[in-house]
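The values are calculated or read from the model by the stated rules, or taken from the named source; none is laboratory data. Everything quoted here is computed from the prediction, not taken from an experiment. Positions of Cβ are backbone-derived with ideal geometry, glycine not excepted, and every protein chain shown enters the neighbour counts.
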C-alpha cells in the first residue's frame with residue numbers, strides 16, 4: 001500500500017475515533033481533550049494537503065487557544081458531569097435517524113454523484129501556500145475582510161467582558177455645593 | 001497521494017458526528033464542541049478544494065472561519081457562564097423560559 005494512503009487512513013481513524021470519543025464521553029473534560037487530539041490530527045491532514053501555515057494556525061488557535069478556553073470554563077463552572085441519564089430516548093432515535101439520512105444524502109450527492117476525479121491529487125508547485133504567499137494574498141486581495149475580522153474580534157472581547165461582568169457599580173449622586 | 005473524495009468523505013463523517021452531537025447531547029458545552037467539529041469539517045473541505053484547484057482562496061477563507069469561530073466561542077462561553085449563574089445548570093433543556 002502506498003505510504004500516502006497509509007498515512008491518510010491512520011489519521012482518518014484517529015479523527016473519527018476522537019470525534020466519537022468526544023460525542024460519547026460522559027465527562028466534558030475528556031470530551032475537550034478528545035477534541036484537542038482531533039484538531040491536531042486534522043492539522044496533520046492540512047500538512048498533507050499542502051497547507052502548512054493553516055496547520056500551524058489550527059494547532060495554535062484551535063487546539064491551543066479555543067480548547068484552553070473551553071477547559072477553563074468547564075472547570076470554572078464545575079460542569080463536567082451534568083447529564084447522567086439519557087432522557088428523551090425517542091427524540092434521540094429520531095435525531096440520529098435524520099442525521100443518518102443526511103449523511104447518506106451528502107455521500108450520494110457530494111461524493112458518488114459529483115463526478116470528482118478519482119485520481120490522486122497532483123503535486124502542487126513548491127511555493128504553493130507558503131506563508132509568504134498567504135501573507136501577500138491576505139494583505140492585497142483580502143485586506144478589507146481582514147480589517148473587518150479585527151473589528152469582529154474587538155466586538156467579541158467587549159461583549160464577553162460586558163456579559164460576564166458581575167456587578168454594575170452604583171453611581172453616587174454628585175453633590176454640587178452652592179447649587180441649591 | 002490520496003484522491004479528493006477521501007478527504008471529502010472524512011469531512012462528511014466529521015460533520016455527521018457534529019450534527020449528532022448537537023442534536024443528542026444536552027450539556028451545552030458539548031453542543032459547542034460539536035459545533036467546533038462541524039467548523040473543522042467545513043475547513044477541511046475548503047482546504048481540500050483549494051488544493052484541488054491550486055488556488056489560495058480556500059485557505060484564506062479558512063483563516064476567516066477560524067477567526068469568527070474564536071469570536072463565537074468567546075461570546076458563547078460568556079453567555080454560558082451567565083446562564084449558569086442564573087439557572088445553576090447548563091443543561092439546554094433547562095433553558096426553556098420562552099416555551100409557551
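Can you confirm whether segment A:37-48 contains a residue that is farther than 30 Å from residue A:125 by Cβ and within 10 Å of chain B (Cβ to nearest Cβ)?
For segment A:37-48, residues farther than 30 Å from residue A:125 by Cβ and within 10 Å of chain B (Cβ to nearest Cβ): present.
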Could you tell me which residue of segment B:20-31 is farthest from the other protein chains (Cβ to nearest Cβ), considering only residues that are crowded, with 21+ Cβ neighbours inside 10 Å and part of a helix (DSSP H, G or I)?
B:28
Answer yes or no as to whether residue B:41 is more than 8 Å from chain A (Cβ to nearest Cβ) and either surrounded by fewer than 19 Cβ atoms within 10 Å (Cβ to Cβ) or part of a strand (DSSP E or B) (or both).
no
Looking at segment B:44-62, which of the residues that are in contact with a helix residue (DSSP H, G or I) (Cβ under 7 Å, 6 or more places away or on another chain), within 7 Å of chain A (Cβ to nearest Cβ) and surrounded by fewer than 22 Cβ atoms within 10 Å (Cβ to Cβ) is farthest from residue A:77 (Cα to Cα)?
B:52
Return the residues of segment A:90-124 that are modelled with pLDDT under 80, assigned to a helix (DSSP H, G or I) and more than 7 Å from chain B (Cβ to nearest Cβ); say none if nothing qualifies.
A:112
